Amino acid sequence: MVRKIDWESAMMVIIPLAAIYGFYSLIITNYIYYLVLIVIALILIFIDYYFIKKLIKNSYLITFVMIFVFIFAIFSFVLMAYKDNFKTEIFIVKLNNCHNRGMSTVSFKLKDKTFNRLLNFNNYSKQDLKDNYYIKLHLKQPLKKIYYIESMNLIHRDSIPVHCK
């Protein structure tokens, strides 16, 4: 017996996972991009409500969140596919904070905005990290004020070139 795949349920799992992956792979330093995605999601809800009447099966809020996550996932993957056309820029930034609650996350500032990203630092003490380490970011910029993270490493402050300190 061949089992039928419920594509709607599968997409309800795959699309949010893709959006989470996109969120942790991108650094968006201008919130206007989020605003544009929100407006697009609202326009799609408006069009569905007045013309199509097929999208909204749940509440408007749940539908809005689903559409926003779907658009963000597509946006992230388009940028990731497009990123290879740009050169890699290296940024060395100060480590602001680190947390190890379930997942290891670091906090850093880039372009006057604070970001939290996943980074394994299990072999280091928290105080040693804050006092002696910086984060070396290899970033590509597919759009203005949006960076794709190629790699992110801890770097000891003694190995940082003098002009970067």
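Numbers at a glance
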read-out	value
In segment 41-63, residue nearest to residue 145 (Cα to Cα) [restricted to those that are touching a helix residue (DSSP H, G or I) at 6+ places or on another chain (Cβ under 6 Å) and modelled with pLDDT of 80 or more]	41
Total residues in segment 1-40, condition modelled with pLDDT under 75 and in a helix (DSSP H, G or I)	6
Selection status of residue 144, surrounded by 13 or more Cβ atoms within 10 Å (Cβ to Cβ), modelled with pLDDT of 80 or more and charged (D, E, K, R)	no
Qualifying residue in segment 63-83 (condition: basic (Lys, Arg) and loosely packed, with under 11 Cβ neighbours inside 10 Å)	no
Sole residue being at negative phi, among the hydroxyl-bearing types (Ser, Thr, Tyr) and either in the same structural domain as residue 23 (by TED's automatic domain parsing) or surrounded by 14 or more Cβ atoms within 10 Å (Cβ to Cβ) (or both), chosen from 107, 151	107
Test: residue in segment 79-86 that is of a type in the set (S, T, N, Q) and free of Cβ contacts under 8 Å to residues at least 24 places away in the same chain	no
Qualifying residue in segment 131-140 (condition: modelled with pLDDT of 85 or more, farther than 18 Å from residue 87 by Cα, in a loop (DSSP other than H, G, I, E, B) and not hydroxyl-bearing (Ser, Thr, Tyr))	no
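To keep it simple, each residue is scored yes or no on (1) in the same structural domain as residue 128 (by TED's automatic domain parsing); (2) touching a strand residue (DSSP E or B) at 6+ places or on another chain (Cβ under 7 Å).
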{"site": "16", "(1), (2)": "no, no"}
{"site": "33", "(1), (2)": "no, yes"}
{"site": "41", "(1), (2)": "no, no"}
{"site": "47", "(1), (2)": "no, no"}
{"site": "67", "(1), (2)": "no, no"}
{"site": "71", "(1), (2)": "no, no"}
{"site": "92", "(1), (2)": "yes, yes"}
{"site": "96", "(1), (2)": "yes, yes"}
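The values are calculated or read from the model by the stated rules, or taken from the named source; none is laboratory data. Owing to the predicted nature of the structure, the values given are computational and were not obtained by experimental measurement. Using ideal geometry, Cβ is built from the backbone for each residue, glycine included, and neighbour counts are taken over all protein chains shown.
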